[in-house]
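These notes concern the structure reproduced below.
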Amino acid sequence: ALVNQPIFQGNRKIKDRDLANRVQLQSRTPFSQAALDADIAAIQEAYAAIGRNNVSVTGETMETGDGRVNVVFNIDEGDRTKIASVTFAGNDAYGDGRLRQVISTKRSNLLSGLLRDDVYSEDRLRTDEDKLRDFYFNRGYADFQIVSSAGEFDAAANAYNVAFTVEEGARYRYGEITLDSTIPDVNTAVLSRLVTTRAGRVYSASEIEDTIIALQEKLAADGFAFAQVTPRGDRNFADNTISITYTIDQGPRLYVERIEIRGNDRTRDYVIRREFDISEGDALNQVMIQRARKRLEALGFFSRVNISTVAGSEPDRVVLVVEVEDQATGDIGIGAGYSIGGDDSGVQLEGSITERNLLGRGQFLKLAIGGSADTRTYTISFTEPYFLGSRISAGFDIQNQTREFDFYDKETNGATVRFGLPITEALSAQLAYNFTEETYKCDEYVDGPDPDQLYCRGVTSEQLLNDINRGTWVKSSLSTSLTYNTLDNRQDPREGLFARGTVEFAGLGGDANYLKATASATYYQPLVEELNVIGLISIGAGHIEELSSDGLRSFDLFRSSTSIIRGFDSNGIGPFDPADPANLSAGGTHVGGTTYFKATAEAQFPLPFLPENLGLRGAVFADAATLYGNDLSAGLVSTDMELRASVGVGISWASPFGPLRFDYAIPVQKEATDKVREFSFGVSTRF
């Protein structure tokens, strides 16, 4: 009999078309019991992949005449299979809680249905083994081994109990570090400057890998295309050191015959090829191949990336086979939140459509609409990561924002054209042209002491009044920045440095004429590794200098926020324009300053008795900042470099809706005109 069509009944979690793509019994194919049994197993595997291991699938046929049958799959999806526990044995240096944060298999909790990180699979278990090895190898445990890893299924509870058994071994430091070359003319003295491993430091496999990459690249640049760098370790068990010798040998003369790409049903070939620093005809370089693999994985376009070599048409030729599997790269987001202590406090809504691999070309596009009770924002962003075929990104942003203040309204229309250039793996440069048009409208004008002056009801600051009365204001500027990023994880950093410096020149036409410079740096370092306590130190500064006799506007100046200092209201410190100079408590307006400095010290730690994959962490911190400098009008106070400081506690949440942060800060050093806000809540960022 021939199959008329497959029919699926009882399925709600997986759509018909997705199940149809998994079965062999398609329309006009011969029916067989073996094929039916294989299709039932394939459907069960599909449900296991989404965490439903107790799915029940049966198959039957229904004759339709003319020697054809419909194949009916009856599906009872059952409940989600959970992970009841994840335990470790043999670990002394690090507790179970710390190791559970390393692996991707998580215990089930209230958010598991949304995060889908409690799905058990053998493939994920093998991946977790690699994560554990990397974790220990990079922290000195060169003898680390995984004795066993397994998930035991409890049918009564419909849950897995996952257990890892490990042997940590001793913790090593580097002994003597040497270079040895068998290739004439190789200058090992010059190459030694590229070695990042140092005697006495804790052994790290990633540092050795970084050194190998740096040496290979230098050798290739010096004309030794086939040179290979091999590290050899000599353990000293008496003092727990490992001496490393980097041996440089002449490798086999192999050339890349061609690069063959498979499995990319959506992503175009050239998007994959451009991540390789080698082309057809080049010398085979395993370091560059591994770097290309990491770049492809970092794109987020593929669920799987594998690069292998097969023999070419000649003994000295090889074929690079790149196997990938496309994954979904588009998102439709609808979010809601509530912010306290920011420039736009209150309920906030946002809807967005994002595509990170537009039409398979590797381009980024985002359309977003957001708003709150007082603000409405529309944004379009586009990025081409390889502009004109080079590794230079180019893109643009278009934004419209309408905001209602207490006594006036502001509408902003802006556009930015930007370019980005990677200088090294950690250092990049950005250049942008910015055009902004701002229009201010007073809610109600009233009579004042000067009949020739317009007075906006409720506005007591002379600076603010003058700027509102300008109506429409245009800024045309050029900005450039340098970014240095060695963070191990941008979303959840534990180690590394993120630093950025930006200079903006406004004066390419328009009404603004100034030079503005900002700089910030945040350094992360584990304080107590076994307890996953992370410390950070952050510093920052900014200054604006007017370049014409027209002067600055108050809107050009810096204003304080929770990113500068917590414990104070948004725009709550700095130069102050009092409503009554004789009585500072009678009210007034902070009008911004030309210069600010800030510093933060913070310790972050996991919250006890909570599952790691909830993403909740606690923090204690101390902030210090100053905001000063303003001579735009007479009668201002707090214009000098007065220091403010605060201490507090916080809770951060790596939520499915983005990183959120709640802080409670108490000012311990403040001025009489400062506005205090001890609680703040909103999107978390310290960069």
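The values are calculated or read from the model by the stated rules, or taken from the named source; none is laboratory data. All values reported here derive from a predicted model rather than from experimental measurement. Here the Cβ positions follow ideal geometry from the backbone for every residue, glycine too, while neighbour counts run over all protein chains shown. With ligands, DNA and RNA removed, areas are computed over all heavy atoms of the protein, side chains included. Shrake-Rupley method; radii C 1.70, N 1.55, O 1.52, S 1.80 Å.
Numbers for the structure displayed
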| read-out | value |
| --- | --- |
| Unmet requirement for F237, which otherwise passes all of (1) farther than 29 Å from A283 by Cα; (2) surrounded by fewer than 19 Cβ atoms within 10 Å (Cβ to Cβ); (3) within 36 Å of the chain's Cα centre (by Cα) | (3) |
| Positions within the stretch 176-213 being within 30 Å of L487 (Cα to Cα), of a type in the set (S, T, N, Q) and surrounded by fewer than 17 Cβ atoms within 10 Å (Cβ to Cβ), in sequence order | T178, S192, T196, S206 |
| Exclusive hit being assigned to a loop (DSSP other than H, G, I, E, B) and open to solvent by less than 30 Å² (accessible area, probe 1.4 Å), set L99, L25 | L25 |
| Residue list for the stretch 630-646, restricted to those being more than 40 Å from the chain's Cα centre (by Cα) and among the small types (G, A, S) | S633, A634, G635 |
| Restricting the stretch 656-684 to residues that are small (G, A, S) and assigned to a strand (DSSP E or B), the residue that is modelled with the highest pLDDT | A665 |
| Residues that are open to solvent by less than 50 Å² (accessible area, probe 1.4 Å), free of Cβ contacts under 8 Å to residues at least 40 places away in the same chain and in a helix (DSSP H, G or I), drawn from the stretch 38-89 | A38, D39, I40, A41, A42, I43, A46, Y47 |
| Lone unmet requirement of (1) at pLDDT 90 or above; (2) surrounded by fewer than 20 Cβ atoms within 10 Å (Cβ to Cβ) for S633 | (1) |
| Residues (in contact with a Ser or Thr (Cβ under 6 Å, 6 or more places away or on another chain), under 20 Å from L536 (Cβ atoms) and either at pLDDT below 95 or exposed (fewer than 15 other Cβ atoms within 10 Å of the Cβ) (or both)) located in the stretch 579-622 | R617 |
| The stretch 509-542: number of residues that are of a type in the set (A, V, I, L, M), under 30 Å from the mean Cα position of the chain (by Cα) and open to solvent by less than 20 Å² (accessible area, probe 1.4 Å) | 2 |
| Only one of A199, A156, A205, A214 that is hydrophobic (A, V, I, L, M, F, W, C) and more than 27 Å from E425 (Cβ to Cβ) | A156 |
| Strands (runs of 3 or more DSSP E) wholly inside the stretch 354-416 that include at least 2 residues being among the small types (G, A, S) | 363-372, 393-404 |
| Residue that is farthest from A311 (Cα to Cα), among those in the stretch 257-277 that are part of a helix (DSSP H, G or I) and open to solvent by less than 40 Å² (accessible area, probe 1.4 Å) | V271 |
| Among the candidates R107, R173, R124, residue that is in contact with a Ser or Thr (Cβ under 8 Å, 6 or more places away or on another chain), closer than 29 Å to S243 by Cα and either open to solvent by 50 Å² or more (accessible area, probe 1.4 Å) or β-branched (V, I, T) (or both) | R173 |
| Check on D92, modelled with pLDDT of 90 or more, among the acidic types (D, E) and not in a strand (DSSP E or B) | yes |
| Residue check for L194: closer than 26 Å to G140 by Cα and free of Cβ contacts under 8 Å to residues at least 40 places away in the same chain | yes |
| Looking only at the stretch 297-320, and only at residues there that are small (G, A, S) and in contact (Cβ under 8 Å) with a residue 40 or more places away in the chain, the one that is most open to solvent (accessible area, probe 1.4 Å) | S313 |
| V3 vs. criteria at pLDDT 90 or above, open to solvent by less than 20 Å² (accessible area, probe 1.4 Å) and farther than 30 Å from Q145 by Cα | yes |
| Members of the stretch 278-319 found to be of a type outside the set (V, I, T) and assigned to a helix (DSSP H, G or I), listed by number | Q286, M288, Q290, R291, A292, R293, K294, R295, L296, E297, A298, L299 |
| Which numbered condition S476 fails, given (1) surrounded by 16 or more Cβ atoms within 10 Å (Cβ to Cβ); (2) over 33 Å from the mean Cα position of the chain (by Cα) | (2) |
| Residue check for E545: surrounded by 16 or more Cβ atoms within 10 Å (Cβ to Cβ) and of a type in the set (D, E, K, R) | no |
| Strands (runs of 3 or more DSSP E) completely within the stretch 476-554 that count 3 or more residues being free of Cβ contacts under 8 Å to residues at least 40 places away in the same chain and closer than 24 Å to F597 by Cα | 496-510, 514-528 |
| Some residue of the stretch 558-565 being in a loop (DSSP other than H, G, I, E, B) and touching an Asp or Glu at 6+ places or on another chain (Cβ under 6 Å) | yes |
| Residue among V503, V446 that alone is open to solvent by 40 Å² or more (accessible area, probe 1.4 Å), farther than 23 Å from F405 by Cβ and of a type in the set (A, V, I, L, M, F, W, C) | V503 |
| Selection count where residues are within 28 Å of I83 (Cα to Cα) and either polar (S, T, N, Q) or in a loop (DSSP other than H, G, I, E, B) (or both), scope the stretch 7-22 | 8 |
| Top-ranked residue in the stretch 364-379 [being within 20 Å of the chain's Cα centre (by Cα) and open to solvent by 30 Å² or more (accessible area, probe 1.4 Å); ranked as farthest from L299 (Cα to Cα)] | L367 |
